[in-house]
Amino acid sequence: MKNKLFWTVGLRVLGGFMVLLAVGLSARAQTLTLADVQTVIAQAVSTAVSLNQKVTVSVTDKEGHLLGTFVMTGAPPMTLIRSVGTAGQGLENLLVASPAASHSKAGTAGLFSTGGNAFTTRTASFIIQEHFPPGIDNRPGGPLYGVQFSTLACSDVAIAGLPLGLSGDPGGIPLYKNGVAVGGVGIEGDGLYTIDRDPIDNDQSAEEIIAFAAARGFESPALIRADNILVEGIRLPWANVTNPPVVPTTPFGSLPGAVTSPVIATPVSDFVPTTLNGVSGQSSVRFPTVAGSNLTAAEVNQILGAAAGYANMTRAGIRQPLGSNARVTVAVVDTNGNVLGIFRQLDAPVFGLDVSVQKARTSNFFARTDAGSKLTTAGFGSYVTRANADGLSLTGNIAFSDRSIGYLHRPLFPDGINFTQEGPFSTSLTNWSPFNDGLQLDLIRTALTTPCAPRIKGRSPRGGVSIPVACPCSAIPEVRNGIQIFAGGIPLYRGNVLVGAIGVSGDGIDQDDLIAAGGANNFAPPQGMWSDKFFVRGVRLPFLKFPARPFL
């Protein structure tokens, strides 16, 4: 073990992996059928009619595949992105198609939810704002600050990207069958795509009411809903709907409106069973373990396996029942941002697939000697200038963790402290919103707002299923699916030489840091390069943060 920080507990596999295997087998047996999707849509539309609402309804599976969109007659065709930022800055005041909003809401609820936690888009809104909890001064940003710009349609990693990324607009609800997460339903109808800035006002959103009615018969288990999960002692929100109306369901073929995206059943999963370091999990059929520019395939497997071992003995941060072990996705990339391997524990939230790669690519990119020059060449030199003014050259002398990059990306610096200036990678608080957060958005804004057609199509090992190859989200190839700005990524070194990075996502950001450190242990950065050896405006940057009493 090279560094004391990278904890010297031996890897061990808990007997609980047999429970994970059982969960995985159960989950594969539970999917949304064609009839299920039609039932969810019919329940949504029937409820909307009873409330005199005209909405767009989308259903996705738990991997983000769109299973159907229905647009009611008279539903608004467009919706306005609007929250607290200055109109015209970032995505604020941008008109987008209502089906894009409903699709992103449904996908968010499905991708976030598992057998151990059920999250809604209202939950997502709570954990992405400039303070956590929202509205409380001098508190750091939300634990998943920036996650909204992940799982984009332009991503080369996401299984089925979402048009607007992950959503914080209430009206997205997860769907379950026999206690197993199978997808989500999203409703758009009020013409406004936003976030919940006041989580205690108990606002009654028609979109959320209709979504809950749509999920009748596909409800999540009560124990695992967000309001039974605490982060830093703060209870997460679930929904402001307690008793959605129960109305007669109009047959699907007689609903007022039209199908605009074909209604289908859940397709074949992107994941296949894998055991790594004795831990039962899954790998992606699209990303087999391979060698990279400076890492062998055996070394990639060792890094993934070490992280999996730590995850299997780490106490979960956002799962019920209490005492469960963490469930995460682990990714390793090389210095060029190429994915060298991915391992997903059974029942880890699927949003972590894209995010883990984003975290790894972000940590790797900012540790490169040419990070500053690449940003400047791509048109983002103003951020490089601001970083230089704060004493950060972006020339490879600092091993930035993803936590440290996120810290520099907050609209208040130090993070959450009121009446301070923004970090060098953030927009100012005057113009800030979750739809205008600085470099992260600027890197992918063109691809998000004017998506291009896929360049080619590949063939899947799953038996001829066509997989579109997306246009890159970013013009910088090392971060082609965008950057991520919350904790869980570490650059990897062989001696003093950067060889890639590891990213972890899925079950609490402090847990992500710990598991990433466990995976990176034999490839830890030289201590003198850790980001916490450096100061910005007299403030020490963070490197890693581990949870208290982390192990089961």
So ASP201 fits all but one of (1) at pLDDT 95 or above; (2) over 30 Å from CYS452 (Cα atoms); (3) part of a loop (DSSP other than H, G, I, E, B); what number is the exception?
(1)
If THR114 satisfies all but one of (1) of a type outside the set (A, V, I, L, M, F, W, C); (2) in contact with a strand residue (DSSP E or B) (Cβ under 6 Å, 6 or more places away or on another chain); (3) free of Cβ contacts under 8 Å to residues at least 12 places away in the same chain, what's the number of the condition it fails?
(3)
Considering residues that are surrounded by fewer than 19 Cβ atoms within 10 Å (Cβ to Cβ), among the aliphatic types (A, V, I, L, M) and over 19 Å from TYR176 (Cβ atoms), the number found within region 215-252 is 3
Do any helices (runs of 4 or more DSSP H) entirely within region 337-450 hold 2 or more residues that are among the charged types (D, E, K, R), touching a residue at least 24 places away in the same chain (Cβ under 8 Å) and farther than 30 Å from GLN320 by Cβ, and if so, which?
439-449
Out of the residues in region 165-214 that are within 21 Å of THR79 (Cα to Cα), among the polar types (S, T, N, Q) and without any contact (Cβ under 8 Å) to a residue 60 or more places away in the chain, which is surrounded by the fewest Cβ atoms within 10 Å (Cβ to Cβ)?
GLN204
ASP334 - would you say it is of a type in the set (D, E, K, R), on the phi > 0 side of the Ramachandran plot and either modelled with pLDDT of 95 or more or not assigned by TED's automatic domain parsing to the domain that holds LEU236 (or both)?
no
Regarding region 528-536, can at least one residue be identified that is surrounded by fewer than 24 Cβ atoms within 10 Å (Cβ to Cβ), in the same structural domain as GLU478 (by TED's automatic domain parsing), among the β-branched types (Val, Ile, Thr) and part of a strand (DSSP E or B)?
yes
SER125 vs (1) in contact with a strand residue (DSSP E or B) (Cβ under 9 Å, 6 or more places away or on another chain); (2) touching a residue at least 40 places away in the same chain (Cβ under 8 Å): all pass except (1)
THR449 vs (1) assigned by TED's automatic domain parsing to the domain that holds ILE490; (2) surrounded by fewer than 23 Cβ atoms within 10 Å (Cβ to Cβ): all pass except (1)
Which residue, of ILE318, ILE303, is among the β-branched types (Val, Ile, Thr), within 27 Å of ARG494 (Cα to Cα) and touching a residue at least 12 places away in the same chain (Cβ under 8 Å)?
ILE303
When the residues of region 271-299 are filtered to those that are over 19 Å from GLY506 (Cβ atoms), of a type in the set (A, V, I, L, M, F, W, C) and crowded, with 16+ Cβ neighbours inside 10 Å, which remaining residue is farthest from the chain's Cα centre (by Cα)?
LEU295
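The values are calculated or read from the model by the stated rules, or taken from the named source; none is laboratory data. Every value quoted in this text rests on a predicted model; they were computed, and no experiment measured them. Cβ sites come from the backbone with ideal geometry, for glycine too, and all protein chains shown count toward neighbours.
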